[in-house]
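Below is one structure, written out as structure tokens; comments come after it.
The values are calculated or read from the model by the stated rules, or taken from the named source; none is laboratory data. Everything numeric in this text was worked out from a predicted model, so none of it was measured. Because the Cβ atoms are built from the backbone with ideal geometry, glycine has one as well, and the counts that use them run over all protein chains shown.
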Amino acid sequence: MGVPIRRAGEADREALVGVLDAGFFHDPVSSWIFPQEEYRRRTHKVLMGAFLDMALGEGYVDMTEDASAVALWMPVDGHDAGEAAPAEAAASGSDDAAAMREAIDPANERIEQIARITGAAHPVHAPHDYLMLIAVMPAHTGRGLGTALLTTALDRLDRASRPAYLEASSTRSRALYERLGFQPIGSTIQLPAGPPMHPLWRPPQPA
């Protein structure tokens, strides 16, 4: 039997922030942004809520019907290979990083750092959908829920002949993504005194 998946809306926000908070609480990148566990326990959910709000407002969010797993996607426009990103877009990205830090935790420079670093590494050579985050409640891991969310979205992108992009935050998750057709693109992203992130690109797959 397949996993029931649907598009999330504002009414699902509280439940999905809980999934993202629990699913990423011990993630290497979350641990780098909020090194002290008690501090992370207070603030991490605010960051997850900001990402969710971004996807609900400007992208789309897939979730399992029982709200045990969620994937945040953001459509991204591209431009011709070799063409530099417009200066106004670069300035906007810088402003967005600073605004995110100010809204979530003004004293935490790593919130702004990671937004700037990943933004600078993000490919812009073609339109694509960006997998911002995918999370499964810890009690439900091992049931294939994350894979079901991914394959549902990737099948949809394949039908639209549209690529996908993400940054894997661990070698374990990178291996999963590579089995689903993602390929390394660009250089590994090295956070200052922090873990590596692995940029991966997936061209649309033939039927």
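Residue count for the stretch 181-207 satisfying the condition of being farther than 30 Å from E109 by Cα, modelled with pLDDT under 95 and either crowded, with 18+ Cβ neighbours inside 10 Å or not polar (S, T, N, Q) (or both): 2.
Counting the residues of the stretch 7-36 that are surrounded by 12 or more Cβ atoms within 10 Å (Cβ to Cβ) and outside any loop (DSSP other than H, G, I, E, B) gives 18. When the residues of the stretch 37-78 are filtered to those that are in contact with an Asp or Glu (Cβ under 8 Å, 6 or more places away or on another chain) and in a strand (DSSP E or B), the one that is farthest from D21 (Cα to Cα) is V76. For I117, the conditions (1) under 17 Å from V70 (Cα atoms); (2) in contact (Cβ under 8 Å) with a residue 40 or more places away in the chain all hold with the exception of (1).
Filtered by the rule that a residue be more than 30 Å from T152 (Cβ to Cβ), crowded, with 18+ Cβ neighbours inside 10 Å and not basic (K, R), the stretch 107-138 gives I111, E112.
Among the residues of the stretch 127-143, is there at least one that is of a type in the set (V, I, T), at pLDDT below 95 and under 28 Å from P206 (Cα atoms)? No, the stretch 127-143 contains no residue that is of a type in the set (V, I, T), at pLDDT below 95 and under 28 Å from P206 (Cα atoms). Output yes when any residue across the stretch 63-72 is farther than 20 Å from G119 by Cβ, in contact (Cβ under 8 Å) with a residue 24 or more places away in the chain and either touching a Phe, Trp or Tyr at 6+ places or on another chain (Cβ under 8 Å) or of a type in the set (V, I, T) (or both), and no when none is. Yes, the conditions are met somewhere in the stretch 63-72.
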